[in-house]
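Engineer: Okay, handing you the structure first.
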Amino acid sequence: MSTSIMNLDLDMPEVLNPPFAQRPRLQELGRVHFAGIGGAGMSAIARLMLEAGVTVSGSDQRESAALDALRDMGATVNVPQQAQNVADIDTLVVSTAIKTDNPELIAAREAGVRVLHRSEALAATMGYMRAIAVAGTHGKTTTSSMVSIMMDALGARPSFAVGSEIAGYNTNARLGSGNPDSWFVAEADESDGSFVRYRPHVAVVTNVEPDHLDFYGSAEKVFEAFNRFLASMADDGVLVTCVDDAGAADLANRAREAGIDVVTYGESETADVQLLSTTSEGIVCASNIRWDFELGKQHYSGATTLTLNIPGVHNQLNATASFICGLIAGYQPQAIVEALSTFTGTDRRFTLRGVAAGVSVFDDYAHHPTEVQRALETGRTVATGHNLYVMFQPHLFSRTQKFAGEFAQALALADRAYVLDIYPARELPIEGVSSHLITDAGYSEVKYVASADEAVELIVSQANPGDIVMTVGAGDITAYGAELVKALTEREG
């Protein structure tokens, strides 16, 4: 690979140094403890290790359904996190959310216990399987889930670890056949730079936009991180990326300059796999696609129709990326299309929480302006001829400060959007930064509310049969889908 791809100076948190540490073997890890085992990424890796026969323990700050599920699989899980939890372990797994003053991390280091970042633990679980790693600012959970379901329906028995429960599977991770020639599908999270660990044979990048600036500090560092992701690919790896996105298109150009095989997709006429006309009816969405490209000495050419039981052009693009993965894996186009049609979504990605008084309530994890726009575009499609109401909870002060105007513009797609206070997550408040930066941006449809209960009351008083309501955000707003359904049911009664 070229010097421009390989030699990059990207600051990494302490637990990731050195960034290209030798991949440990799963059988070398001994008894493994996860600090913060209830998180989506951590619980997925813990599930895989339990299925592989590893002795797993963990801890978290509060009880959850995820902890109960891991206990049912044989893990020892304690609440809260405390030093005595790591008294008899060989390896501690942490995420970037675990700070240096965490009592379990301190105790493990004092005892000389091996400490791995979750990305290193996932890499150890992959072993020598062929990896399909799905990265991108948006769409990686849905796309990695699509690829997993597609490969499973094709009979490949893949292993997978994704960021949300897959509909019909009721899990976010599974260990497949585990053979060296089998496939491992991984959601490659760029939020902390750790997605450089996996050495994928197929690297999917859905898009590249500035985000997680609380970690990276600048848009330039975000783009550098994706360069590093390219540099981590297997020598015969293939980059699959969306040419409609400016950041991804630039990445494709850099990859080609570095001698990496690239297959592009998108609505653009320049795409190797082009998404053509799209039609929607309710939640069913179909698109015609055609492709013409070469990999090595093999020429791929043809046309077909992709039909999904989930709405949105963005999901058709995700399915097109998945389709390419199927072609690269050696499967026939019609078999791939039929396999993709079995996908019915992932949790918190335009997920129906219930219908009451003729009003449908959906929940979505969108927390970046582009994601919010795509989610509301999907809501508008389903709400044809009716009103769209949105409860939005901004996530992170730094993200709100950077993108307040863009959030307001995206939320204006709703007939009425009620904006809650910022969910701080891992951040401390920033002076002058509040949800009012969004609601004061000049869009009459976008209103501030002092509490989620107030937003529920307003929506329930206005929504009519056929209308769509969406709860949107990455914080605890997901709980209010059930509250809306309950309140609408009581109104109807």
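Laboratory data are not the source of any read-out in this text; all were calculated from the coordinates shown. In this text, all values refer to a predicted model and were calculated from it rather than measured experimentally. Cβ placement follows ideal geometry from the backbone for every residue including glycine, while neighbour counts extend to all protein chains displayed.
Engineer: Round to a whole angstrom and tell me the spacing of the C-alpha centers of region 26-55 and region 86-151.
Structural biologist: What the calculation gives is 8 Å, centre to centre.
Engineer: While we're here: Can you pull a Stokes-Einstein diffusion coefficient for region 408-472 at 4 °C (1.567 mPa s), Rh from Kirkwood over Cα pairs, as a whole number of µm²/s?
Structural biologist: Rounded, D is 100 µm²/s.
Engineer: Can you tell me the convex hull volume per residue for region 341-392, based on C-alpha atoms, in Å³ to the nearest whole number?
Structural biologist: Roughly 105 Å³ of hull volume per residue.
Engineer: Taking the Cα centre of region 127-340 as origin, sum charge times position over the Cβ atoms of Lys and Arg (+1) and Asp and Glu (-1), and report the length of that vector in debye to the nearest 20.
Structural biologist: My answer is approximately 620 debye.
Engineer: Pairs of alpha-carbon atoms within less than 8 angstrom and 6+ residues apart define the contacts here; what relative contact order does region 127-340 have, in percent?
Structural biologist: Once normalised by length, the contact order is 19 percent.
Engineer: With +1 assigned to the C-beta of every Lys and Arg and -1 to the C-beta of every Asp and Glu, and no other charges, what is the dipole magnitude of region 24-118 about the Cα centre in debye, to the nearest 20?
Structural biologist: Charge dipole, region 24-118, about its Cα centre: 220 debye, nearest 20.
Engineer: Given the C-alpha centroids of region 288-356 and region 433-493, what is the distance between them in whole angstrom?
Structural biologist: Going from one Cα centre to the other spans 33 Å.
Engineer: I'd like the Kirkwood hydrodynamic radius of region 127-340, using the inverse of the mean 1/r over distinct C-alpha pairs, in Å.
Structural biologist: For region 127-340, inverting the mean 1/r across all distinct Cα pairs yields 17.1 Å.
Engineer: Roughly what percent of Cα-Cα pairs across region 275-381 reach past 24 Å?
Structural biologist: 32 percent
Engineer: Ranking request for peptides 40-48, 464-472: highest mean number of other beta-carbon atoms within 10 Å first, then the rest in descending order.
Structural biologist: Going by the mean number of other Cβ atoms within 10 Å, highest first, we get 40-48, 464-472.
Engineer: Another question, then. Counting alpha carbon pairs within less than 8 Å and at least 6 residues apart, what relative contact order, in whole percent, applies to the chain?
Structural biologist: 11 percent
Engineer: For n ≥ 4 DSSP H runs only, could you compute -39500 (n - 2.57) per run for the chain, divide by its residues and tell me the 222 nm figure to the nearest 500?
Structural biologist: It comes out at -10000 deg cm²/dmol, rounded to the nearest 500.
Engineer: Here's another thing I want to ask about it. Which order do Ser148, Ser232, Ser191 fall in if you start with the one that has the fewest other Cβ atoms within 10 Å?
Structural biologist: Ser191, Ser232, Ser148
Engineer: Turning to a different aspect of this structure: Starting from one equal scatterer on each C-alpha and no solvent at all, send me the Debye-based log10 I(q)/I(0) for region 24-118 at q = 0.19, 0.25 Å⁻¹, two decimals.
Structural biologist: -0.79, -1.44
Engineer: For region 374-425, what is Rg from Cα atoms divided by 2.2 N^0.38 Å, rounded to two decimals?
Structural biologist: It is 1.20.
Engineer: While we're looking at this one, here's another question. Given Cα positions, please report Rg to Rh for the chain, the hydrodynamic radius being the Kirkwood one.
Structural biologist: Reported Rg/Rh, Kirkwood definition of Rh: 0.96.
Engineer: Quick one: Debye curve from the C-alpha atoms of region 351-492, no solvent, what's log10 I(q)/I(0) at q = 0.11, 0.13, 0.18, 0.20 Å⁻¹?
Structural biologist: Debye curve over Cα of region 351-492, log10 I(q)/I(0) at q = 0.11, 0.13, 0.18, 0.20 Å⁻¹: -0.35, -0.48, -0.93, -1.14.
Engineer: Only Cα pairs under 8 Å and at least 6 apart count here; give the relative contact order of region 50-162 as a rounded whole percent.
Structural biologist: 16 percent
Engineer: Turning to a different aspect of this structure: Would you mind computing Rg(Cα) / (2.2 N^0.38 Å) for region 82-237, counting N as its residues?
Structural biologist: Compared with the compact-globule rule of thumb, region 82-237 sits at 1.11.
Engineer: Another one. Binning at 10 Å from 0, report for region 246-299 what percent of all alpha-carbon pair distances ends up in each bin.
Structural biologist: Answer for region 246-299: a P(r) of 21, 42, 27, 10, 1 percent.
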